[in-house]
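The values are calculated or read from the model by the stated rules, or taken from the named source; none is laboratory data. The shown structure was predicted, so the numbers you read here are calculated from the model rather than taken from an experiment. Neighbour counts are summed over all protein chains in view; Cβ atoms, including those assigned to glycine, are modelled from backbone coordinates with ideal geometry.
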Amino acid sequence: MKPLDPFQIDIEKTILIEASAGTGKTYTITTLYCRLLAEGYPVESILVVTFTEAAAAELKLRIRSRLFNTLNFLLEEPRDSKDDLVRFLSRKKETLPLICQRLQHALICFDQASIMTIHSFCLKTLKENAFESHSLFDIKLVPDRSLFLREVSFDFFMHHVNNLDKLFLSYLAQHQITPESFIASFDKVVSRPGLALKPFAVPFENVFDDYRKILKKIHGILLNRAGEINELILNHTGIDKRSYSKKNVPAWLDLSCLKLEQESTGALFKMTEKGDALYKFTQTRLVLKTKFGHALPEHEFFDLCEQLLSFYEIFENNLISLKIKFLDFFTTALEKMKKIQGNFFFDDLINDLAAALEKDNSKNLQKAVRQTYKACLIDEFQDTDPRQYDIFSRLFSSKGDTPFFMIGDPKQAIYAFRGGDIFAYLKASRESDQQFTLEKNFRSAPLLVDGINEIFSTQPNPFLFEFIEFSKVTAPSTARNILVEKDHVVPPLQFCFIKRDEQVV
């Protein structure tokens, strides 16, 4: 990537700027913002998007401060300024009075600045363009969806779970499947339509009567032929006797029989290695514990236990079927709530605007948004998810003369837990007109910068993906190595190798 010169680039392009930590990302945003103002873009027409309310407030403060200082220097003595923006604008002598007038007007009207979070932008766009987006006029934003998710989850269990067979309810209890567990499992995914279900559909199999018949046969064998099974296993020369010992085998048989006597055909056996003892007599387990070259012990009891294991796997698939059904149930309930109450969650704002822009008749919506916003800058772009990028690319990237800046660092992607997708960043990099990088690190000591450069330059793909490059940065000439001990500069990047048997203090 080429180093960025914010005063030489053609701003009427789609531009990706890679800004490593400490390279002046926010300073660059304020520079580009002030340049747009100087070139005639009204303050309310420049959209700046970031990801949190705190970041938006901080960015607004920093931009206003830069605007104020730039204007003051231009009006007083621009030659005394060390600010590259002031020097750049002061060279435009013929248009300098007009530039100052524009900056002054922007400062007066700065309360109208469009600096906001992605969710605020989507909410504002949907409300102001209700006709074009086919959305409700009265949208009520609900910040916390936990109460709604809880209500839907309990409603789902009441209508679709509690009336299921008692055996399957025992299976759910065994796996601690409750309305609360569904809430915890699906909280991060219920409002992300881009997620594809795999498998897409799993049928719910009603095999519970067949399961009970198998249990009845197993119980009969345990009551009348347990000694026969015990003798067969203990006399088999190929079975691992450390596991299938004289102590273990009778105990496993007794435990299984006792459970059946207590619970009868309602008994649910956990057919896993750490589950109930009956699993030890499945053919699946016997294969693992029989020496190579020896035939497996044969008995009707082992076949029945294997069938019980297959039923247990069907129960697992039934749980998957239930989860898929819950997602459909939640989506339907969500749409119903939005239509009746007008309540929207944060994710719904992004999903609804993205869906509106995907429609064939979205040209009026795109035109309306572009009339409002003549330029766009996105901060922390590496944390953008595919739906968010789709919104901005449709609105700004597809229009050739709109300044559209995406500023971020793929090495700092931290919001994967809420949908941030590094591949959205890589796609934007491919689709942008130009890509630049910020090459100076203003935060770290020169020796630390050199050390990081050395480490990450030793591998061709230090971040695994070949599309994520490592671009070396430099420290400014005024930077100093300030970490000193006894008049000697201490290396700021050090590695300590500790042997396994050494205690770390």
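Data for the structure
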item	result
For PHE148: the one exception among (1) among the aromatic types (Phe, Trp, Tyr); (2) more than 30 Å from PRO179 (Cβ to Cβ); (3) in contact (Cβ under 8 Å) with a residue 60 or more places away in the chain	(2)
Segments classed as helices (runs of 4 or more DSSP H), wholly inside region 96-192, with at least 3 members that are at pLDDT 95 or above, over 17 Å from LEU334 (Cβ atoms) and within 26 Å of the chain's Cα centre (by Cα)	none
One residue from TYR279, TYR312 being part of a helix (DSSP H, G or I), hydroxyl-bearing (Ser, Thr, Tyr) and touching an Asp or Glu at 6+ places or on another chain (Cβ under 9 Å)	TYR279
Hey, LYS82 among the basic types (Lys, Arg) and over 25 Å from ILE15 (Cα atoms) or not	yes
Tally, over region 334-354, of residues that are buried (at least 17 other Cβ atoms within 10 Å of the Cβ) and assigned to a helix (DSSP H, G or I)	12
Number of the condition not met by THR372 [criteria: (1) surrounded by fewer than 20 Cβ atoms within 10 Å (Cβ to Cβ); (2) hydroxyl-bearing (Ser, Thr, Tyr); (3) in contact with a Gly (Cβ under 9 Å, 6 or more places away or on another chain)]	(3)
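Condition check ((1) acidic (Asp, Glu); (2) closer than 30 Å to THR384 by Cα) across all residues:
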residue	(1), (2)
GLU263	yes, no
ALA267	no, no
LYS280	no, no
GLU298	yes, no
PHE311	no, no
ASN318	no, no
ASP348	yes, yes
LEU353	no, yes
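Yes or no, residue by residue, for (1) within 30 Å of PHE186 (Cα to Cα); (2) basic (Lys, Arg); (3) touching a Phe, Trp or Tyr at 6+ places or on another chain (Cβ under 8 Å); (4) modelled with pLDDT under 85:
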| site | (1), (2), (3), (4) |
| --- | --- |
| ASP421 | yes, no, no, yes |
| TYR425 | yes, no, yes, yes |
| SER429 | no, no, yes, no |
| ASP433 | no, no, no, no |
| VAL449 | no, no, no, no |
| PRO460 | no, no, no, yes |
